[in-house]
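The values are calculated or read from the model by the stated rules, or taken from the named source; none is laboratory data. Keep in mind it's a predicted model, so treat the numbers as computed, not measured. Heads up, the Cβs are rebuilt from the backbone with ideal geometry, glycines too, and the neighbour counts pull from every protein chain shown. Accessible surface areas use protein heavy atoms only, side chains included; no ligands, DNA or RNA. Shrake-Rupley method; radii C 1.70, N 1.55, O 1.52, S 1.80 Å.
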Amino acid sequence: MKRVVMVVAPQQFRDEEYEHPREVLRARGAEVVTASTHAGECIGRFGAKAQADAAIGEVDPEEFDAVLFVGGAGSAVYFDDERAHELARSIAQRGGVVAAICIAPSTLAHAGLLRGRRATAYPTQKDDLVAHGATWSDGPVEVDGRIITANGPDAARAFGEAVADALGL
């Protein structure tokens, strides 16, 4: 069984960017674990509740086939978080899938993972991604090797499908 860790902000994550990919991944047979800045309840922008199973610093990247960073205003907390960067880099180095949606691709950019790669994000992040070496794409979902990015809530289900496809589910 493929294992995916979804990283959400403790507050103000985008509800559908968590719920839709999670539904898709579970329906296609993945085990999904949720992480945040701390274990416990996290609250989305529209009131969705996510139960973080672990703090991001407690997640062992060796146990996961993919990491997915959920967007929403609160996800900016991870842009310069070294624990988030290390988790993403470790999974990428092992050939796992690294994915982010909405503004969360900036976390991947700041971790150095988008240098020379095609990526998309919420339009407000374009300059940040380009400044960190990404090649900007206006598409809703961009797959560049094992890196998957998406531009926002309308692409959440397609984003989940792209991650599931990359995992061979």
Problem - Boolean, residue 83 is farther than 17 Å from residue 151 by Cα and in contact (Cβ under 8 Å) with a residue 24 or more places away in the chain - result: yes
Practice task
Please go through segment 1-18 and pick out each residue that is more than 20 Å from residue 91 (Cα to Cα) and open to solvent by less than 70 Å² (accessible area, probe 1.4 Å).
Solution key: 10, 13, 14, 15, 16, 17
